[in-house]
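A short write-up of the structure that comes next.
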Amino acid sequence: MTDASRLIPVITIDGPSASGKGTVAALVAQALGFHYLDSGALYRVTALAARDAGISLEDETSLSELAANLDLAFRDGECYLDGRSVGDRIRSEAAGGDASRIAALPALRAALLARQRAFRQSPGLVTDGRDMGTVVFPGAQVKVYLTASVEERARRRYNQLIEKGLPANLDDLLMDLRQRDARDASRATAPMRQAADAHALDTTGLTVGQAMDAVLGWYAQANAKTVTE
């Protein structure tokens, strides 16, 4: 990371699966005119590419080499792998489960670290994930840990799947989210946790707009503090 890039503002939004952090992060980025990075998409795409290439999700070396050389691009809210849109494929429940599995591999996380930090470009970046504020951008101007009750998160995911015409079972989703939470929080490398200097935001009883306003408010406060120092 260059000295110049350190001056580019970053807002990190971490939290568990289906907490709404991606939706909130994308809206905050749009409101500020910042770039947006869905870090989870990097892991989902890597898992998808591995499946397509016949690479085992337990093969850490091959997965790391694959991740370092992916032909990956994000344009207009869409994800492209080798020039092909893969947005629908990486948003499946299976892809999410695969991503959570490979995210525990230290060599893979190291391979993706530089790619994630490269998204820090002017005028600013909003990024969401599990370790954005703790590992990838520890010096971010604003850090948020966004969560909701597991029951609320399961309900949201259920409604999303039903709206897309996909089959869904609420009890299965609830069990899957609990397993993902435990796996993400207990992995040895970059576990999901709230950064010591992060703002806690429980969205269980909030609308998306209210959550977005809270993050924008914290960013405005951080800017005001910078100006007065």
Options Ala195, Ala188, Ala154: the member that is farther than 13 Å from Gly15 by Cβ, in a loop (DSSP other than H, G, I, E, B) and either of a type in the set (Gly, Ala, Ser) or in contact (Cβ under 8 Å) with a residue 40 or more places away in the chain (or both) | Ala188
Tell me, please, whether a residue that is surrounded by 14 or more Cβ atoms within 10 Å (Cβ to Cβ), at pLDDT below 95 and assigned to a helix (DSSP H, G or I) can be found in segment 161-169.
-> yes
Does at least one position in segment 69-82 carry a residue that is small (Gly, Ala, Ser), within 22 Å of Leu32 (Cα to Cα) and surrounded by fewer than 20 Cβ atoms within 10 Å (Cβ to Cβ)?
-> yes
Could you list, in sequence order, all residues of segment 154-203 that are closer than 23 Å to Ala140 by Cβ, of a type in the set (A, V, I, L, M, F, W, C) and more than 17 Å from the chain's Cα centre (by Cα)?
-> Ala196
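Here is a yes/no grid of residues against (1) touching a helix residue (DSSP H, G or I) at 6+ places or on another chain (Cβ under 7 Å); (2) over 25 Å from Leu173 (Cα atoms):
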position	(1), (2)
Ala26	no, no
Gly33	no, yes
Ala49	yes, no
Tyr80	no, yes
Val126	yes, yes
So Val150 clears everything in (1) surrounded by fewer than 18 Cβ atoms within 10 Å (Cβ to Cβ); (2) closer than 28 Å to Gly217 by Cα except one condition, right? Which one?
-> (1)
Pairs, please: C-beta under 7 Å, at least 6 apart or cross-chain, first residue over 19 Å from His199 (Cα atoms) and in segment 3-32, second of a type in the set (D, E, K, R) and in a loop (DSSP other than H, G, I, E, B)?
-> Ser5/Arg120; Ile8/Arg120
How about segment 118-138: which of its residues are part of a loop (DSSP other than H, G, I, E, B) and either touching a residue at least 24 places away in the same chain (Cβ under 8 Å) or buried (at least 21 other Cβ atoms within 10 Å of the Cβ) (or both)?
-> Phe119, Arg120, Gln121, Ser122, Pro123, Gly124, Arg130, Asp131, Phe137, Pro138
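The values are calculated or read from the model by the stated rules, or taken from the named source; none is laboratory data. If you're wondering where the values come from, they're calculated on a predicted model, not measured in any experiment. Cβ coordinates were reconstructed from backbone atoms using ideal geometry, including for glycine residues, and neighbour counts include every protein chain displayed.
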